[in-house]
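Student: Take this structure, written in structure tokens, and hold onto it; I'll ask about it next.
Each reported figure results from applying straightforward, stated rules to the coordinates on display, with no laboratory input. None of the values given here were measured: they were computed from a predicted structure. Note: ideal-geometry Cβ built from the backbone for every residue, glycine included; neighbour counts use all protein chains shown.
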Amino acid sequence: MSKEKLKVLMAEDNPTDALIIKKKLQKDGAFDYEVTHVVSGEEALLSLEKSAYNIVLLDYNLPKKCGLEILEEIKRKNIEVPVIMVTGQGDEIVAAQLIKEGALDYLPKRENYEDAVPFMIRKTISEFRSKLEREKLQREIALKKEELEKTNAQLLELDRMKSDFVANVVHELRTPLTIIKGNLDNIEKGFAGEVQPKQKEILADIFGVINRLSRLVNDLLDLSKIESGKMELNKENLDMAELAGEVVKTFEALAGSKKIGIIKDFPDKAVRVNADRDKLTQVFINLIGNAIKFTDKGNVTVKIIDMQEEAVAEIQDTGPGIPGDQVDKIFDKFTRVVAEKKEGTGLGLPIAKDIVSLHKGRMRVESESGKGSRFIFVIPKSI
Ligand code: ADP
């Protein structure tokens with residue numbers, strides 16, 4: 001197999017040393033060495049400018065220009081080539097400075113130092129190539145990082161545009177919906193003439209659809225507000241148990257009609273938190289509403305626990321539960337697992353979780369298919 005050609009520039013003013021080194025390289029089997037020999041720093045620089053070399057063997061003590069000056073020139077001229085500096089005996093301090101200035105290695109001129117030259121060249125070439133490889137990789141990584149940052153910024157901008165678009169469309173939907181509802185209301189009340197029983201039935205169906213649409217529009221509006229950071233909290237000092245109790249009361253009739261019991265498990269004393277009343281009410285409505293909606297027999301238990309720094313709410317039901325592989329997904333927008341036959345938008349849980357997060361709290365669910373679900377959320381008492 002033919003060996004790799006290695007172009008060596010040797011700057012050495014001692015002809016005997018130069019000859020010995022040449023011979024050593026001829027004998028070394030690692031490369032097919034092509035040695036150019038010059039006797040001064042100026043010549044070395046000229047040669048480097050004229051043609052490319054794989055490595056430079058540079059005597060530190062050349063006449064006129066010392067090794068350090070030549071090294072600086074090489075650097076200044078942006079010539080990328082590994083340099084082994086051959087220093088005088090006892091020049092270790094100089095050597096340290098040479099390395100700092102960019103020499104890859106140095107070789108003190110001890111007796112028979114020429115024996116070490118082939119090994120030094122092999123080592124330096126391998127280190128230099130690794131360094132180039134590393135630098136190439138680093139450049140590639142930096143480029144990829146830049147590309148990713150750019151893509152990320154574009155995605156964020158697109159996401160913002162999408163959120164704005166949704167918010168605008170949803171907002172525009174609200175007005176016609178209100179008008180349709182108002183007019184239907186008037187028809188139903190007989191303001192436009194007597195309403196026949198069959199017509200009443202049809203109107204009831206239309207009301208059902210309109211109400212569903214209104215809920216979806218309101219949920220979407222809430223979510224887009226949260227996502228765009230426009231939802232603000234009007235915090236006040238309130239009793240979380242009292243608030244939960246109020247929501248439970250509004251669901252008692254619905255639970256009764258389904259023959260489901262609602263159990264309140266509240267502490268004796270008030271559980272004071274600094275929170276937004278309307279938003280926290282929304283969280284309880286969504287969770288208790290779901291618990292009743294998905295449960296066909298048994299109970300829904302609403303428990304409030306007073307921890308030192310936090311208030312905890314648990315809404316437990318004896319409903320169908322959530323299959324293990326779906327549990328992680330139910331807080332995602334529009335995810336509906338067992339709800340095909342139940343009304344809903346698939347936005348109640350994401351909204352509830354986001355509201356809790358806005359309060360610097362957290363929400364999770366414990367559930368097992370067939371055994372019911374327990375939604376737990378925690379709100380820090382003072383934020
Ligand atoms: P929606 O109730 O409008 O469908 P949610 O975001 O409130 O939307 O809930 C998402 C899905 O999570 C529901 O469709 C249902 O599959 C599941 N889920 C939520 N709460 C319960 C519950 N208490 N028991 C069983 N499944 C539930």
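Student: Treat the count of other C-beta atoms within 10 Å as a stand-in for reagent exposure and order K258, K279 from fewest to most.
Tutor: Ranked by crowding around the Cβ, least crowded first: K258, K279.
Student: Taking 8 Å as the Cα distance limit and 6 or more residues as the minimum spacing, I'd like the relative contact order of the chain as a percentage. Walk me through the numbers before you get to the answer.
Tutor: On the way: 556 pairs, mean separation 37.4, N = 383.
Relative contact order of the chain: 10 percent.
Student: Take the alpha carbon atoms of the range 183-317, find their radius of gyration, then divide it by 2.2 N^0.38 Å using N residues; give the quotient.
Tutor: Values: Rg = 19.1 Å, N = 135, 2.2 N^0.38 = 14.2 Å.
Normalised Cα radius of gyration, the range 183-317: 1.35.
Student: Now for a separate question. Where the centre of each part is set by its Cα atoms, how far does the range 284-324 sit from the range 24-58, in angstrom?
Tutor: Distance between centres, Cα-based: 81 Å.
Student: Classify the range 306-379 as rounded, prolate or oblate, taking a ≥ b ≥ c as the square roots of the eigenvalues of its Cα gyration tensor: rounded when a/c is under 1.5, otherwise prolate if a/b is larger than b/c and oblate if not.
Tutor: Because a/c hits 1.5 or more and a/b fails to exceed b/c, the range 306-379 counts as oblate.
Student: Out of the range 8-43, which trypsin sites (Lys or Arg not before Pro) are coil in DSSP terms and have no more than 12 other C-beta atoms within 10 Å?
Tutor: Sites meeting the loop and neighbour criteria: none at all.
Student: Report the Rg/Rh value for the range 239-285, based on alpha-carbon coordinates and the Kirkwood definition of Rh.
Tutor: Values: Rg = 11.7 Å, Rh = 11.6 Å.
Value, to two decimals: 1.01.
Student: Multiply the residue gap between E72 and D28 by 0.36 nm, knock off their C-alpha separation, and tell me the result in nm, one decimal place.
Tutor: 12.8 nm
Student: Which residue, A255, A352, A116, tops the fluctuation ranking in a GNM of the chain built on C-alpha contacts under 10 Å?
Tutor: Highest fluctuation of the listed residues: A116.
Student: Now for a separate question. Can you tell me which lysines have their Cα less than 27 Å from the Cα of K136? Leave out same-chain residues fewer than eight positions away.
Tutor: The reachable lysines, counting only those whose Cα sits under 27 Å from K136, are K3, K5, K7, K50, K75, K77, K100, K123, K144, K145, K150.
Student: If I take R0 = 35 Å and measure r between the Cβ atoms of K225 and N299 in this structure, what FRET efficiency does the formula 1/(1 + (r/R0)^6) give, to the nearest 0.05?
Tutor: 0.55
Student: Do me a favour and compute the ellipsoid semi-axes for the chain from its Cα gyration tensor, root of five times each eigenvalue, largest one first, whole Å. Each step should come with its number before you reach the end.
Tutor: Details: eigenvalues 1396, 127, 77 Å².
One finds semi-axes of 84, 25, 20 Å for the chain.
Student: So, in nm, how far is label L173 from label V312 when the simple model puts each one 7 Å beyond its Cα toward the Cβ?
Tutor: Taking the two extended label points, one gets 3.8 nm.
Student: Sticking with this one: Using 0.36 nm per residue, how much length does the chain from R215 to V166 gain when fully extended, once their Cα-Cα distance is taken away?
Tutor: Additional length available on full extension: 16.1 nm.
Student: If you add up the charges near R215, with Lys and Arg at +1 and Asp and Glu at -1, over every other residue whose beta carbon is less than 11 angstrom from its beta carbon, what do you get?
Tutor: Overall, the nearby charge balance is -2.
Student: While we're here: At a 10 Å Cβ-Cβ cut-off, how would you order E12, E111, fewest neighbours first?
Tutor: Ordered from fewest to most neighbouring Cβ atoms within 10 Å, E12, E111 come out as E111, E12.
Student: Another question, if that's okay. Given the options E146, E172, E114, state which has the largest fluctuation in a GNM of the chain using a 10 Å cut-off (strictly under) for Cα springs.
Tutor: With Cα springs under 10 Å in the chain, the top fluctuation among E146, E172, E114 is at E114.
Student: Run the helix sum for the chain: -39,500 (n - 2.57) per DSSP H stretch of 4+ residues, divided by residue count, reported at 222 nm to the nearest 500 deg cm²/dmol.
Tutor: Estimated from H runs of four or more residues: -17500 deg cm²/dmol.
Student: Sticking with this structure for a sec: Give the dimensionless ratio obtained when the Cα radius of gyration of the range 209-261 is divided by 2.2 N^0.38 Å.
Tutor: Cα-based Rg divided by the globular estimate yields 1.57.
Student: Let me ask you something else. Given the options S130, S51, S163, which has the most mean-square fluctuation in a GNM of the chain, springs set between C-alpha atoms less than 10 angstrom apart?
Tutor: Of S130, S51, S163, the Gaussian network model singles out S51 as fluctuating most.
Student: Starting with the fewest neighbours, write out I304, I355 ranked by other beta-carbon atoms found within 10 Å of each beta-carbon.
Tutor: Working: I304 21, I355 26.
Fewest to most other Cβ atoms nearby, the residues stand as I304, I355.
Student: Along its principal axes, what span do the Cα atoms of the range 5-110 show, with the longest given first and each in whole Å?
Tutor: Largest to smallest, the principal-axis extents are 32, 31, 23 Å.
Student: Expressed in nm to one decimal, what extension gain is obtained for the pair I141 and E366 from 0.36 nm per residue of sequence separation less their Cα-Cα distance?
Tutor: 76.8 nm
Student: What are the semi-axes of the equivalent ellipsoid for the range 113-263, taken as the square roots of 5 times the Cα gyration tensor eigenvalues, largest first, in whole Å?
Tutor: In descending order the semi-axes read 69, 24, 15 Å.
Student: Compute the Rg/Rh shape ratio of the range 155-227: radius of gyration over Kirkwood radius, all on alpha-carbon atoms.
Tutor: My calculation puts Rg/Rh at 1.19.
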